[in-house]
Ligand SMILES: Nc1nc2c(ncn2[C@@H]2O[C@H](COP(=O)(O)OP(=O)(O)OP(=O)(O)O)[C@@H](O)[C@H]2O)c(=O)[nH]1
Ligand SMILES: [Mg+2]
């Protein structure tokens, strides 16, 4: 039996074990989650969430670690969530990240957690926001979210952060790749990492050109800046923080932070509602109502659309 009230209280005080246990409840879609989220709700909405995305090996984890250091120098409490949508297990692919995060392992003001979401009902769209709520209620001023892997998850992560950072590296044809994957549209800030390698300037120029080709911007619109970094040596990271703070100020000034957060909450509600409906439909498999409808469809007395309507009406009645 889990004492939710005590766990929540300890997490709010920033006790790492309690925070970790709450995120495990999220990962396991535990039945206690409802109670946990109800208890956490009044303490959320303080953290500034930053998503980091980009091709494998571009330097997301190294940059995350460097950003943690930078925010710690500013006295902030920092959360890190590494989400792996392709793996059903924690750890594994994220082992390397743990090595890169070692600098922060003993810092009580830093919470680092990796989470696997494959096979999860509603996957990333459902689980990651709940984990973010835990870190938020635990008093994190800043939460960095790294998604491991590529594809749809890169775009999904953008919907879950206040600010999205897209990382590229020279020599990978990254600019073109990013354009193809629809990544240019989601970047609030672009980082050309591994600037110690040849071609960083060319990549930045190429990117600048592609961003300039986008739709005409209104005055006052945000123009995503491009920052060059050598994350492995911490170079350029203060400039990234500066750009992040500028974007945050812009979001607040233009009411865009509230817009983004409302959109996220709507997505979250939808994901939970869909998961709930799916679970109820799953429950119906041994159900006489469904069996009866199927019989009528087979007999040609009812068409499948009509049967589905009846089923859904039955679900939403309670
Ligand atoms: N030369 C150079 N190497 C770097 C730099 N930043 C990171 N690296 C190296 O690039 C490799 C990949 O870095 P990660 O931070 O693990 O990259 P990632 O994007 O998190 O990788 P995945 O999580 O596997 O997608 C590591 O060997 C880093 O040491 C940099 O600024 N310059
Ligand atoms: Mg990584």
Report task. Take the Cβ-Cβ distance between residue 141 and residue 269 as r, set R0 to 25 Å, and report the resulting FRET efficiency rounded to the nearest 0.05. Result -> 0.45
Query raised in the report: Could you give the nm distance between label points at residue 277 and residue 246, where each point is 7 Å from its Cα heading toward the beta carbon?
Result: 4.3
Query raised in the report: How far apart, in nm, are two points set 7 Å out from the Cα along the Cα-to-Cβ line at residue 197 and at residue 233?
Result: 1.6
Report task. Quickly work out the residue 256-to-residue 209 label distance, labels modelled 7 Å from Cα along the C-beta direction, and quote it in nm with one decimal. Result -> 2.6
Requested in this report: Treat the count of other C-beta atoms within 10 Å as a stand-in for reagent exposure and order 246, 228, 194 from fewest to most.
Outcome: 246, 228, 194
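Read-outs: derived from the displayed coordinates by stated rules, not from any lab. Not measured: the values here are computed from a predicted model. Don't worry about glycine lacking a Cβ; one is built from the backbone with ideal geometry, like all the others, and counts go over all protein chains shown.
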